[in-house]
Every structure is written in C-alpha cells, then in structure tokens.
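The values are calculated or read from the model by the stated rules, or taken from the named source; none is laboratory data. Remember, predicted model here, so these are calculated numbers, not experimental data. We place every Cβ from the backbone using ideal geometry, glycine too, and count neighbours over all the protein chains shown.
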Amino acid sequence: MSENKTTTPTRRAFFQAGAATVAGLGAAGGRLVASSQDTLALNGGSKAVTYPADQHAALRRWPRYGAAEKRVLHELIDNTADSGGFYKELPEFEKEWKEYTRSPFVKAHMNGSSALTSMYFALDLPPGSEILVPSYDFFSDCLAMRFFGYVPVFVDIDPRTACFDLADAKRKLTKETRALVPMHAWGLPCELDHLQDFANQKGLILLEDAAHSHGASMQGKKTGTWGQMAIFSFQGSKPLPGVEGGMGMYQTREYYERAAAFGHYEDPVTFPKDSPVRAYEGTGFGQKYRMHPFAAAVLRQQLKGLDERNAVVSKNVRALNDRLKQLPGISEPRCRPDQERVYYYKSMLFLEEARAGFKRAAMLKALQAEGVPVSMWDYPEQHKLKIYSESKWWHHAPKIPPSMPGNTQVNGTHFFMPLLHGDAPELIDQYVKAFEKVWAHRAELAKA
Ligand SMILES: Cc1ncc(COP(=O)(O)O)c(C=O)c1O
C-alpha cells in the first residue's frame, strides 16, 4: 500500500481533522485530503493487508490440534483391549479439570447442553420457579428449563459488556424468582461479585453458564466456580475445544450427585450409602449423557496449553485494540481490573456511528475490501424466537419482554475481529493501517 509519507500529523490531530471533516460533510481539511489520496481498496486502490493468505489463515485456524492429540488418540485405539477400557479417560480428565478450576465437584457430560439439563434437574425446584437468564444467549441455557417446568425470565445485557444486566434483573424479580444464570459472553466474566451479593440478599441460587470462558477468572477465582452450579461447553469453537463435550461444576455433593445421576446410570452405585439418588443405580433418570472418551483424551492434551493459548490471543487483542480504540467511535467491552477475561470465537468491539461519522455497514465493507477479516454476527435474542411464545411447549409460559435495549445496542453496534493464535506484529500493523485508511475516508464513506 502506498502510505502518504509526507503527512505525519499526530494520530490524535489526524483523527480530529477527520472528525471535523465528517461533521461538515465535505468541508475537507487539508491534512485529511492529503491522506485520502491513498485510494480505498473498495475503489480500486491497493489493499492495506498484504500478509500472505496462507499464513493469515494459519494464524486464525481453530481448533488447533497437533501431534499430541494424534498421539493420544492413536495410543487409545492401539492399546485399548475392550470397549470399557476407553472410558478411563473420563475420570482422568475430570480430575485434571477439577484441579485446574479448583472446584469441589465436576462431572463430564457429552456437551454443554446436557450439562445444563442435568444442572436444572439437580436444582430440584417446584414447577413455576422463575430463573433470570439473559436473552442474548444460546438456546439450551433457556430451553432446558422447559423440561422441569421452570420459567425463563429474560434479562437484558449491559451494552458496555454484553453480559448480564443486574439492574434489569432487579426489575424482573418476583416472588417466584429462585435462581439466576448469567452467561460470560465471549469470555468476559460477568460482575460475579455483584451478582453473588444480589443472590445472597434475595435468597437466590447463583448459577453460571461458563460455556465461553475457559480459564477466565475474577478476583483470582475461576468462572464456573462462583455459582452453586455452572457449566462449560467444549464444543470445537470454544477456548478449550474437544469437538463436542461439556462439564458440570458443583459446589455441593448433593448437586453433584443429582446432576450426575440424571444422565449417568453407572454413577449412583458409587455414591455414599446416604445419597438420596443412590437407589437409582442402573437407570439414573433416563438420559445417557456420557462424554465421548476420544473427546476427553483430546481435552486432556488441550488443557495443558489452555493458559498459554489464552495468553497469546489476549496479547494480540491488546496490541490491536489499544490502537484501534484511538479511532473516533471505536470502543471495546469494559473489563474491570480485577477480571481476567479470555476471548471466545472472536474479539468483539463496538462502533458508535455518530462519533465515527459513518455507518457500520460501510466500515465493514471498506475494511473487508482492504483484506481485514472483520465481521458481525447478531447473537439470537431468545425472547424473539417462536418456541418461547407458544404456551403448548411450557408448563408455565415465559413472558416475552417488549424490548431489550441492551441486546439491541450490542447487536446493532458490535463488530468482530479475528483471534490470532500466534505472534503477528506485522499483521496487526496492517490491520491498524487498514482501519486508519478507512477512517481517513469516512467522510466519503458516509456519503456512499
Ligand atoms: C452460552 C452457551 N451456553 C451453552 C452452550 C451449549 O454448549 P454445547 O454446544 O456444548 O451443547 C453454548 C454453545 O455454544 C453456548 O454458547
């Protein structure tokens, strides 16, 4: 790309000039015009991102399996004498995950959704009990409640974090509310200290959907261990990918035994004699939720590198976001200093169109033309989906809220940058140059 080397204003002055131009729509300031000589790739100019395509794709590849995963799968296949032998991987993985998270009880399940269903079974609340849950969420966090007669009460998200909005939860509290299940969206922990205080004050059970937040913590305590129960998903896109898999997290023996008995018919017989669910040996409660042993074998290898992989991604996000946030209109989800977040799927940023002076759609189009794999994806808002509005599927039909301004704002302003899983300072420089180039042209893009 042909950078204009003659114009070297400070970054702040440069973008202030740009902002002034946008505000006047067409009243071009000298510096901005000089910089705008760099034709957008959208209009036939050269792309800002010239990084070799194969290396660019390799940095983004996920999940990342290699020799260790191949070795353990081959060993398992070659050295296992009978079908029962495969399952020894499950208690080993549970032990390692329990140590990693410092959780008193864990249970491996076939996926996050089955861990959620077991969790709601373990709750053992009367039908009609209300559970506060974000609408900006994966379906199984809400829908699995249906099987036990619970009522999902949809809570908004805080547009600064895309996580559970406590103020809205307080508004939705009724005498039927029994629990809340915040979800740590895209790897950012919810404000668990505030949620725990709220739960304690109101006598509610704090649960967590930690499907996105493997390795994240708050005040040194891992997500998934704050709530009385929690779940993780190990589906292939997750920070700890097992292609498919899930984990239930339990703070008490009672919750653990009940959740395990639901979908693990062989477990009750291993429980102490006084366990209320021991009598259900041989059947459990009608489901079979065992994790595939190959997934457990792969997950054990992946767990060894989880912190390191999270750290590489976070370092790259920091290097990029610290520069992108200097552009008018760009911000990132707020993360408190006592929260250690991770990144799931992509890095979410926000564009405030009024401050940027042009539309998100125009930004995406221009950046993509520059070779930046920027994207957007609206998280489905559960409360808008058909199944929640049809009472025939529900013991107690959920109430559909008229609006969810936090969801609307996040879905309407976010954009995603890819996660980079290796050292990539040059590529990050090129991404930044692409953004700066597009920002220099935003008056023109605002008119398009
Ligand atoms: C927030 C959330 N909860 C629960 C799940 C369910 O996990 P699984 O796909 O392993 O069933 C997912 C899956 O993507 C999720 O994103």
Suppose we keep only residues that are away from the ligand (no atom under 16 Å from the Cβ) and in a strand (DSSP E or B) within the stretch 207-247. Which one would you say is nearest to Leu419 (Cα to Cα)?
Ser217
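Scan the stretch 248-257 and give yes if some residue there is in a loop (DSSP other than H, G, I, E, B), under 26 Å from Leu192 (Cα atoms) and within 16 Å of the ligand (Cβ to nearest atom), otherwise no. Steps first, please.
As a first pass, look at the stretch 248-257 and keep what is in a loop (DSSP other than H, G, I, E, B): 251-252.
When the remaining residues are screened for being under 26 Å from Leu192 (Cα atoms), the result is 251-252.
Retained after the next criterion (residues that are within 16 Å of the ligand (Cβ to nearest atom)): none.
No: the stretch 248-257 contains no residue that is in a loop (DSSP other than H, G, I, E, B), under 26 Å from Leu192 (Cα atoms) and within 16 Å of the ligand (Cβ to nearest atom).
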What single numbered condition from (1) in a helix (DSSP H, G or I); (2) basic (Lys, Arg); (3) in contact with a Lys or Arg (Cβ under 9 Å, 6 or more places away or on another chain) fails to hold for Arg334?
(1)
Only listed residue being free of Cβ contacts under 8 Å to residues at least 24 places away in the same chain, surrounded by 16 or more Cβ atoms within 10 Å (Cβ to Cβ) and farther than 30 Å from His441 by Cβ, chosen from Tyr250, Tyr255, Tyr280
Tyr280
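I'd like to check something: does the stretch 181-202 contain any residue that is part of a loop (DSSP other than H, G, I, E, B), away from the ligand (no atom under 16 Å from the Cβ) and at positive phi? Outline the logic, then answer.
Let us first name the residues in the stretch 181-202 that are part of a loop (DSSP other than H, G, I, E, B), namely 181-182, 184, 188-191.
Those left that are additionally away from the ligand (no atom under 16 Å from the Cβ): 191.
Those still in the list that are at positive phi too: none.
No, every residue in the stretch 181-202 fails to be part of a loop (DSSP other than H, G, I, E, B), away from the ligand (no atom under 16 Å from the Cβ) and at positive phi.
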Among the numbered criteria (1) at pLDDT below 50; (2) assigned to a helix (DSSP H, G or I); (3) charged (D, E, K, R), which single criterion is violated by Glu3?
(2)
List the pairs whose first member sits in the stretch 286-299 and is closer than 24 Å to Ala68 by Cβ and small (Gly, Ala, Ser), whose second member is surrounded by 19 or more Cβ atoms within 10 Å (Cβ to Cβ) and modelled with pLDDT under 95, and whose Cβ atoms are under 8 Å apart, counting only residues at least 6 apart or on separate chains?
none
Can you tell me which residues in the stretch 394-448 are of a type in the set (Phe, Trp, Tyr), outside any loop (DSSP other than H, G, I, E, B) and surrounded by fewer than 22 Cβ atoms within 10 Å (Cβ to Cβ)?
Phe415, Phe416
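Could you list all residues from the stretch 84-141 that are hydroxyl-bearing (Ser, Thr, Tyr) and more than 16 Å from the ligand (Cβ to nearest atom)? Talk me through it step by step, then tell me what you get.
Initially, the stretch 84-141 is screened for residues hydroxyl-bearing (Ser, Thr, Tyr), giving 87, 100-101, 103, 113-114, 117-118, 120, 129, 135-136, 140.
Once the filter is applied, which keeps residues that are hydroxyl-bearing (Ser, Thr, Tyr) and more than 16 Å from the ligand (Cβ to nearest atom), the stretch 84-141 yields Tyr87, Tyr100, Thr101, Ser103, Ser129.
Does the stretch 341-352 contain at least one residue that is touching a residue at least 40 places away in the same chain (Cβ under 8 Å) and either surrounded by fewer than 16 Cβ atoms within 10 Å (Cβ to Cβ) or more than 26 Å from His184 (Cα to Cα) (or both)? Break it down into steps so the answer makes sense when it comes.
Our first condition is that a residue be touching a residue at least 40 places away in the same chain (Cβ under 8 Å); within the stretch 341-352, this holds for 341-352.
After this cut, where a residue has to be either surrounded by fewer than 16 Cβ atoms within 10 Å (Cβ to Cβ) or more than 26 Å from His184 (Cα to Cα) (or both) as well, the list is 352.
Yes, the stretch 341-352 contains at least one residue that is touching a residue at least 40 places away in the same chain (Cβ under 8 Å) and either surrounded by fewer than 16 Cβ atoms within 10 Å (Cβ to Cβ) or more than 26 Å from His184 (Cα to Cα) (or both).
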Residue tally, condition farther than 30 Å from Asp423 by Cβ, among the hydroxyl-bearing types (Ser, Thr, Tyr) and more than 30 Å from the chain's Cα centre (by Cα), over the stretch 46-88:
2
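Within the stretch 382-392, which residues are over 28 Å from the mean Cα position of the chain (by Cα) and part of a helix (DSSP H, G or I)? Break it down into steps so the answer makes sense when it comes.
Initially, the stretch 382-392 is screened for residues over 28 Å from the mean Cα position of the chain (by Cα), giving 390-392.
Hits for the stretch 382-392 are Ser391, Lys392.
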